[in-house]
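For reference, the structure discussed in these notes is given below.
Nothing in this text is a laboratory measurement; each read-out follows from the coordinates by a stated rule. Predicted model only: the values in this text are computed from it and were never measured. No Cβ is skipped: glycine too gets one built from the backbone with ideal geometry, and neighbour counts run over all protein chains shown.
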Amino acid sequence: MRESRRNMARRSSDSPAPSRPPARPAAAGPVARAKTPAKPGPDFALETALLGTGLHFVVGIDEAGRGPLAGPVVASAVLLDPAAIPDGLDDSKALSAADRERLFAEILRTATVSIASASAGEIDRINIRQATLAAMRRALAGLPDRPCHALIDGRDVPSLLGCAATAVIGGDARSLSVAAASIVAKVTRDRMMKRLCQAFPVYGFGQHMGYGTPFHLEALARHGPCRHHRTSFSPVRQHPLPFAS
């Protein structure tokens, strides 16, 4: 009986200990997420490279208003002072209206600026591309001093510009001078369209700046075009003349 109990005790002590459930891993802390790098804005590298060759005046040129169904196309030429470049310059399309207005005032205060335009009538006569180039040429000619080189947003360089020039695709997002010109052109044209809205309120120019929004297209269908509409543009051409008063 004792032997039996002793053997039972041995067998009991030889058996493996009951298994325990695995310990839960410690709760992980917040996962660090890599920040998305900020989109690079325009800089002064193109201008600096040109100035480094001995050129003294490098201007940026841009336009606003190629796509709308009404109103002018506006171009601006801006010669920035490298020692007084306003903070926050960027492509005008990337800025709020309030920021554009603030920067517009700073650009006029610190830089040399010229603004020119081509009317809806001129756009209809020579087409929007040629009218845009004409407005750019006029803007550059309006500067008090002839520039040595122009950086021009887009693919085209106007003929008879009067100085050497480089077409810069996406220039308003690459060059501070072109970005400044884009802001000046955009703010100027928006103000012009808001004034037109007072004379022709049925079209709502002050809200859409002449672009083909549903409201604008409905107003065209109801009232017909006014003399500031671009009759060479298809959405306008399909509506009857004469012009609305």
Report the local net charge at Phe205: Lys and Arg +1, Asp and Glu -1, summed over other residues whose C-beta lies under 12 Å from its C-beta. +3
Could I have the simple spin-label model distance between Ala164 and Thr48, label points 7 Å from Cα toward Cβ, reported in nm to one decimal? 2.0 nm
Rounded, prolate or oblate: which one fits region 72-114, using the alpha carbon gyration tensor with axes a ≥ b ≥ c (rounded when a/c is under 1.5, else prolate when a/b beats b/c, else oblate)? oblate
For Asp153, Asp190, what's the fewest-to-most ordering of other Cβ within 10 Å of each Cβ? Asp190, Asp153
Debye, to nearest 20: dipole size of region 57-212, +1 on Lys, Arg Cβ, -1 on Asp, Glu Cβ: 400 debye
Filtering trypsin sites (Lys or Arg not before Pro) in region 70-134 by DSSP loop and by at most 14 other Cβ atoms within 10 Å leaves none
Gyration tensor verdict on region 45-198 (Cα atoms; rounded if a/c is under 1.5, prolate if a/b is larger than b/c, oblate otherwise): oblate
Linear extension gain, Lys93 paired with Val202, 0.36 nm per residue minus alpha-carbon span: 36.6 nm
